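Q: I'd like to ask some things about the structure below.
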Amino acid sequence: MIRKLLRRVFGKADPARVEGKCRIIPFEAHGVSRDGISHAARRVAEGLHAAGYKAFVVGGAVRDMLLGRHPKDFDMATNATPEEVRRVFRRSRIIGRRFRLVHVMFGEEVVETSTFRRLIEAEDAQTDEHGRLLRDNEFGDQEQDAARRDFAANALYYDPVSQEIYDYHDGYADIRANTLRMIGDPEVRYREDPVRMLRAVRLSAKLGMKLDAATAAPIAAMKELLGNVPQARLLDEMLKLLMSGHAEECVKKLRAMELHHGLLPMLDVILEQPQGEKFVMLALQNTDQRIGEEKSVTPAFLFAALLWHEVLAAWKAHQDAGERPVAALHAAMDEVLERQRAQLAIPRRYDAIMKEMWLLQPRFEQRGGQRPLRLLSQPRFRAAYDFLLLRCESGEVDGEIGLWWDEFQDASDERRAAMLLPDEAAPKNRRRRKKPDAKPQPEAVAQMVLPIE
Ligand code: ATP
Ligand code: MG
């Protein structure tokens, strides 16, 4: 009778099977078919099953499939040790020294396969003086593996053979409620790994999921802990955030939670000035749009944009001190990059591209003689031009310059000759062109000759 009533109130009976602390949700309830996972991930699961091991797709991929999104990649978790996995698949190799994982290769695809791990108990754990965990690479069982993960929605295990989902922390209910909730005591979990605060912001922005109140609450008081995280790790997370396709939303959220102070020193200053803020936001929107269209994007373009207003300020200071413009720009670039490195080190491999992009900017103002043609033939012209359009759109430079280059680059030789400004040395006397109504849209980094990263 009561059961009948409950069924009427709550809909169908709970279809999950319960085994210990785990709820096992059948395909009929969640609807995620094994056809949605990659061929290679399926082969890894089948191979491990056939050899008598457990194997699951885990983490972001299960979450994304349940949300109806296409996963970036399919990571596997198993109870087989790395050596055992290695023995099952001829084309595989063990990687990593601290966290030993196996890369299993099928054709072009690589499936990262990790052995279940457990969180090391407090008394044996190695932590820094703030409680940050220095290692968590002990092997464990599936239940322990679920407990060491960050959000319940990230701790679901999908078995491609049975098509069942294993859920230890009610992550399935969270996904249905569109909520990110930290497993365990959020304060303890942020102390163990402060990067989880950034992951909370990034994943909620990227997935459009709300942060559970108890998960969000401690962040304001704990944000200083990010200062103890190694630089390389912060940069890694920052890159993920900027290249997530939702960078604008992420940065807005970081600001709302005041996580950008100190952590993202490059944003600290820039976002406080209206023109700098507008420029950064346009650059982020532009990157998000390109990622959405699956066009190539390089972090160097974005870093160049994020630092541009600092470069401008330093450039002006050097010129005010009597340096000639080009020398002053070189000095400003070095100064800004040095300052940035002391806070959050941008890899040096991006320096050359950022500098090129910046150095080409003043050359857009020179529109007489052979100079525009020389600028057009620069390999980085397109990227620098996209950068210029963002400057125009943000109001930093006269939109007329952007329009001039928009026309000049595709114009016939005859038209180009007519467009060149007669007196380069006295730009104040130049003939002004009538502004058309439409503004050129930044086509962005379309033809950038840069690698996709
Ligand atoms: P994305 O879609 O951006 O890849 P993701 O959740 O898959 O998101 P990954 O960095 O690929 O993120 O991590 C894979 C899984 O590893 C996560 O889903 C989570 O279960 C676990 N994980 C990652 N980082 C942490 C962390 N800092 N603390 C605890 N668990 C983590
Ligand atoms: Mg992932």
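The values are calculated or read from the model by the stated rules, or taken from the named source; none is laboratory data. A quick note: this is a predicted structure, and the numbers were derived from the prediction, not measured. For neighbour counting, all protein chains shown are included, and Cβ atoms are generated from backbone atoms with ideal geometry for every residue, glycine included.
Q: Out of the residues in segment 72-90 meeting the condition of being closer than 18 Å to Val161 by Cα, more than 16 Å from ligand 1 (Cβ to nearest atom) and among the β-branched types (Val, Ile, Thr), tell me which one is surrounded by the most Cβ atoms within 10 Å (Cβ to Cβ).
A: Restricting to residues being closer than 18 Å to Val161 by Cα, more than 16 Å from ligand 1 (Cβ to nearest atom) and among the β-branched types (Val, Ile, Thr), the top hit is Val85.
Q: Right, next: Would you confirm whether or not segment 77-93 contains a residue that is within 15 Å of ligand 2 (Cβ to nearest atom), at pLDDT 95 or above, in contact with an Asp or Glu (Cβ under 8 Å, 6 or more places away or on another chain) and closer than 18 Å to Tyr168 by Cα?
A: Yes, that holds for at least one residue.
Q: Take residues that are under 30 Å from Glu19 (Cβ atoms) and tell me which of the helices (runs of 4 or more DSSP H) falling wholly in segment 162-255 contain 2 or more.
A: Hits in segment 162-255: 171-176, 186-192, 195-207, 213-216.
Let's see how each residue does on (1) under 19 Å from the mean Cα position of the chain (by Cα); (2) part of a helix (DSSP H, G or I); (3) at positive phi; (4) not β-branched (Val, Ile, Thr):
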| position | (1), (2), (3), (4) |
| --- | --- |
| Ala283 | yes, yes, no, yes |
| Asp288 | yes, yes, no, yes |
| Ile291 | yes, yes, no, no |
| Ser296 | yes, no, no, yes |
| Leu306 | yes, yes, no, yes |
| Val311 | no, yes, no, no |
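Q: Quick one: count up the residues across segment 17-43 that are of a type in the set (Ser, Thr, Tyr) and away from ligand 2 (no atom under 15 Å from the Cβ).
A: Filtering segment 17-43 for residues of a type in the set (Ser, Thr, Tyr) gives 33, 38.
Still in the running and away from ligand 2 (no atom under 15 Å from the Cβ): 33.
The number of residues fulfilling the criteria is 1.
Quick grid of which residues meet (1) out of contact with any Ser or Thr (no Cβ under 7 Å at 6 or more places or on another chain); (2) surrounded by fewer than 19 Cβ atoms within 10 Å (Cβ to Cβ); (3) of a type outside the set (Asp, Glu):
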{"site": "Leu211", "(1), (2), (3)": "no, no, yes"}
{"site": "Cys250", "(1), (2), (3)": "no, no, yes"}
{"site": "Leu254", "(1), (2), (3)": "yes, no, yes"}
{"site": "Asp268", "(1), (2), (3)": "yes, yes, no"}
{"site": "Gln273", "(1), (2), (3)": "yes, yes, yes"}
{"site": "Gly292", "(1), (2), (3)": "yes, yes, yes"}
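Q: Within segment 106-116, which residues are away from ligand 2 (no atom under 13 Å from the Cβ), crowded, with 16+ Cβ neighbours inside 10 Å and not β-branched (Val, Ile, Thr)?
A: Phe106, Phe116
Q: A further question follows. Looking at segment 192-227 only, could you name the residues that are of a type in the set (D, E, K, R) and within 12 Å of ligand 1 (Cβ to nearest atom)?
A: Glu192, Asp193, Arg196, Arg199, Arg202, Lys206
Q: If the requirement is being modelled with pLDDT of 90 or more and not in a helix (DSSP H, G or I), which of these qualifies: Glu356, Glu323, Glu272? Lay out the reasoning, then the answer.
A: On the way: Glu356 fails: not in a helix (DSSP H, G or I); Glu272 fails: modelled with pLDDT of 90 or more.
Result: Glu323 is the single residue among Glu356, Glu323, Glu272 that is modelled with pLDDT of 90 or more and not in a helix (DSSP H, G or I).
Q: Let me ask you something else. If you go through segment 44-62, how many residues are more than 9 Å from ligand 2 (Cβ to nearest atom) and touching a residue at least 40 places away in the same chain (Cβ under 8 Å)?
A: Residues that pass the stated criteria total 12.
Q: Let me ask something else. Residues that are of a type in the set (Phe, Trp, Tyr) and within 22 Å of the chain's Cα centre (by Cα): does segment 334-352 have at least one? Before you say what the answer is, go through the steps one by one.
A: Filtering segment 334-352 down to residues of a type in the set (Phe, Trp, Tyr) leaves 350.
Okay, now just the ones that are also within 22 Å of the chain's Cα centre (by Cα), so 350.
The answer is yes, given that some residue of segment 334-352 is of a type in the set (Phe, Trp, Tyr) and within 22 Å of the chain's Cα centre (by Cα).
Q: Residues in segment 149-157: is at least one basic (Lys, Arg) and either farther than 19 Å from Pro186 by Cα or within 16 Å of ligand 2 (Cβ to nearest atom) (or both)?
A: Looking through segment 149-157, at least one residue is basic (Lys, Arg) and either farther than 19 Å from Pro186 by Cα or within 16 Å of ligand 2 (Cβ to nearest atom) (or both).
Q: Kindly indicate whether Lys12 is part of a loop (DSSP other than H, G, I, E, B), at pLDDT below 95, over 13 Å from Tyr158 (Cα atoms) and away from ligand 2 (no atom under 16 Å from the Cβ).
A: Against the criterion (part of a loop (DSSP other than H, G, I, E, B), at pLDDT below 95, over 13 Å from Tyr158 (Cα atoms) and away from ligand 2 (no atom under 16 Å from the Cβ)), Lys12 qualifies.
Q: Just to be sure before I move on: is Ala177 out of contact with any helix residue (DSSP H, G or I) (no Cβ under 7 Å at 6 or more places or on another chain) and modelled with pLDDT of 95 or more in the structure I sent?
A: yes
Q: Being of a type in the set (S, T, N, Q), out of contact with any Pro (no Cβ under 8 Å at 6 or more places or on another chain) and away from ligand 2 (no atom under 16 Å from the Cβ) is the filter here; which residues of segment 201-249 pass it?
A: Gln231
Q: Which one of these does Arg98 not meet: (1) within 16 Å of ligand 1 (Cβ to nearest atom); (2) surrounded by 13 or more Cβ atoms within 10 Å (Cβ to Cβ); (3) in contact (Cβ under 8 Å) with a residue 12 or more places away in the chain?
A: (2)
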